[in-house]
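**Q** If you scroll down you'll find the structure; I have some questions about it.
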Amino acid sequence: MNFKNKSVIITGATGALGGALACELADRGAAVTICGRSRNKTQNQYFRLEDYGKISTWKEVDITSVGQVNSFIEEVTNRRGGIDILINCAATASPQDFDSLTEAQARNEMEINYFAPLRLIKAALPLMKAKGTGWILNISSVCALNPYPFLSSYSASKAALSALTQALQVELYGTNILVSNVYVGKLSQ
């Protein structure tokens, strides 16, 4: 795929995978916009991209906030002329045994790992449909396919994201909007 001048949004770009994706896509000529809830980490990642002359912008965004997500998508659309690629990479996990897991921790994982990507897709998809093209890339986990012990809630949240992605693949079949799951991790034998 030619990424030259494509408008790309990457959530969770302050993590290892999101940061690597931001650098790689910027290397390939994409106009990358990164967001994160930590102003310092997001700004540092932005400066890292800028140090290498990459076209990028950044925004502190709480992806659990409908208002902040909608404002962010609108700002990127106005600045970049639309959104070509949305990469939902932000995630959180609370590794622990099930007995210690609280409902608040499980809700937080579902909010960030499932509802936030859903919220971003809901905001970006109409723009892609109007443009007639786009790519939504959801970073899932092998935990969605083979749940890990001590990651029960995380596994459930990634399974939900994977199911959403698969349903959208069917709904958008025949359009020029691609929806993909990437299962990160190692399947146990």
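**Q** Looking at region 164-179 only, could you name the residues that are surrounded by fewer than 14 Cβ atoms within 10 Å (Cβ to Cβ) and more than 16 Å from the chain's Cα centre (by Cα)? It would help to see each step written out before you state the result.
**A** Applying the first criterion (surrounded by fewer than 14 Cβ atoms within 10 Å (Cβ to Cβ)) to region 164-179 yields 166-167, 170-171, 173-176.
Once the filter is applied, which keeps residues that are surrounded by fewer than 14 Cβ atoms within 10 Å (Cβ to Cβ) and more than 16 Å from the chain's Cα centre (by Cα), region 164-179 yields 167, 170, 171, 173, 174, 175, 176.
**Q** If I filter region 111-125 for residues that are open to solvent by 50 Å² or more (accessible area, probe 1.4 Å) and over 19 Å from residue 66 (Cα atoms), do I get at least one hit?
**A** There is no residue in region 111-125 that is open to solvent by 50 Å² or more (accessible area, probe 1.4 Å) and over 19 Å from residue 66 (Cα atoms).
**Q** Read through the list (1) among the hydrophobic types (A, V, I, L, M, F, W, C); (2) in a strand (DSSP E or B); (3) open to solvent by 20 Å² or more (accessible area, probe 1.4 Å), then give the number of the only condition that residue 136 fails.
**A** (3)
**Q** Now for a separate question. Among (1) small (Gly, Ala, Ser); (2) in contact with a Pro (Cβ under 8 Å, 6 or more places away or on another chain); (3) under 24 Å from residue 32 (Cα atoms), there is one condition residue 141 misses while meeting the rest; what is its number?
**A** (2)
Conditions (1) over 16 Å from the mean Cα position of the chain (by Cα); (2) within 23 Å of residue 62 (Cα to Cα); (3) outside any helix (DSSP H, G or I); (4) of a type outside the set (Lys, Arg), marked per residue:
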| position | (1), (2), (3), (4) |
| --- | --- |
| 114 | no, yes, no, yes |
| 127 | yes, yes, no, yes |
| 150 | yes, no, yes, yes |
| 160 | no, yes, no, yes |
| 181 | no, yes, yes, yes |
| 186 | yes, no, yes, no |
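**Q** Further question: Considering only region 106-120, I want to know if a residue exists there that is farther than 18 Å from residue 168 by Cβ and free of Cβ contacts under 8 Å to residues at least 40 places away in the same chain.
**A** The answer is yes; a qualifying residue exists.
**Q** Moving on to the next point. Would you check if residue 130 is of a type in the set (A, V, I, L, M) and surrounded by fewer than 16 Cβ atoms within 10 Å (Cβ to Cβ)?
**A** Details: of a type in the set (A, V, I, L, M): yes; surrounded by fewer than 16 Cβ atoms within 10 Å (Cβ to Cβ): yes.
In short, yes.
The values are calculated or read from the model by the stated rules, or taken from the named source; none is laboratory data. Because the structure is a prediction, the values reported are computed rather than measured. Positions of Cβ are generated from backbone atoms using ideal geometry, with glycine treated the same way; all protein chains shown enter the neighbour counts. The area values use the complete protein model at the heavy-atom level, side chains included, leaving out ligands, DNA and RNA. Shrake-Rupley method; radii C 1.70, N 1.55, O 1.52, S 1.80 Å.
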